[in-house]
Amino acid sequence: MNAKILIVEDEPAIQELLAFNVTQAGFQALRAEDADSAWQQIRNSMPDLILLDWMLPNTSGVILAKQLRSDARTKDIPIIMLTARGEERDKVLGLESGADDYITKPFSPRELMARIRAVLRRHVPQMPDEVVAAGGLELSPASHRVTARDATIELGPTEFRLLHFFMTHAERVYSRTQLLDQVWGTQVFVEERTVDVHIRRLRAALEPAEMDSLIQTVRGSGYRFSVK
Ligand code: CA
């Protein structure tokens, strides 16, 4: 599944150029020319990343970035701000408004794509703080601790996220691609077999507590966390 990139740019020629480059790089391009049409696009099809022009008619890119950050549905979407301004204080203002990165016009398509990939890679879905319990396991995101019948289970960060996802989505089969999207975030360069590696590590960590069978392989489909 290709990451969807929403381009918010009022100048038709630049919007066209951005859409062309984004599509060439294998992403799906969505377009908007102002804040209103950006919100419309977001409601229709949640983007994985937003390329946001600083100077937009009516609502500026900085205001839109702040709005996106204060809305629960959009607060985690990475934003790269595009601007003709190159001053340091503008850069600070852009980043303070909630942008993840900042690129100054004119930019090379190669540099823009490198920035997009970097932001998508480091963007990982947020995990709520609530303690979750399932199948005799208890997992606390706040303290980053997993216990099985009072014994502590040591997990790496990815296994921890994976287990959290499974425990909160028990009894359902997930494909490797779905797990990548849900646990790793919208990364473009992770191979599907990476999932298998982390599933193996997770099972190995659960084995001493005899809980590795909670993670079931569903042949031809993927994996399932099941307490049955
Ligand atoms: Ca503009």
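Observations
- For the chain, the solvent-accessible area with a 1.4 angstrom probe is 53 square angstrom per residue.
- Within the shell defined by Cβ-Cβ distances under 9 Å, the residues around F225 carry a net charge of +1, with Lys and Arg each +1 and Asp and Glu each -1.
- Leading residue at positive end of dipole, the chain (Cβ point charges), from L30, M211, H169: M211
- Each peptide in 104-114, 39-49 receives the mean, over its residues, of other Cβ atoms within 10 Å, and ordering these scores from highest gives 39-49, 104-114.
- Span-like helix ranges in the chain, DSSP H, alpha carbon extent 15 angstrom or more, Kyte mean at least -1.0: 12-24, 109-122, 157-168, 193-206
- For the chain, with all protein chains in place and a probe radius of 1.4 Å, 48% of the accessible heavy-atom surface sits on carbon or sulfur.
- Radius 9 Å from Cβ of P78, net charge of other residues (Lys, Arg +1; Asp, Glu -1): -3
- Qualifying aspartates and glutamates (Cα of each under 19 Å from Cα of K105; at least 8 residues distant if same chain): E9, D10, E11, E16, E33, D34, D53, E87, E88, D90
The values are calculated or read from the model by the stated rules, or taken from the named source; none is laboratory data. Note that the coordinates shown come from a computational prediction; the quantities given were computed from them, not determined experimentally. Cβ atoms come from the backbone with ideal geometry, glycine included; neighbour counts cover every protein chain shown. In case anyone asks, the SASA skips ligands and DNA or RNA and just uses the protein heavy atoms, side chains included. Shrake-Rupley method; radii C 1.70, N 1.55, O 1.52, S 1.80 Å.
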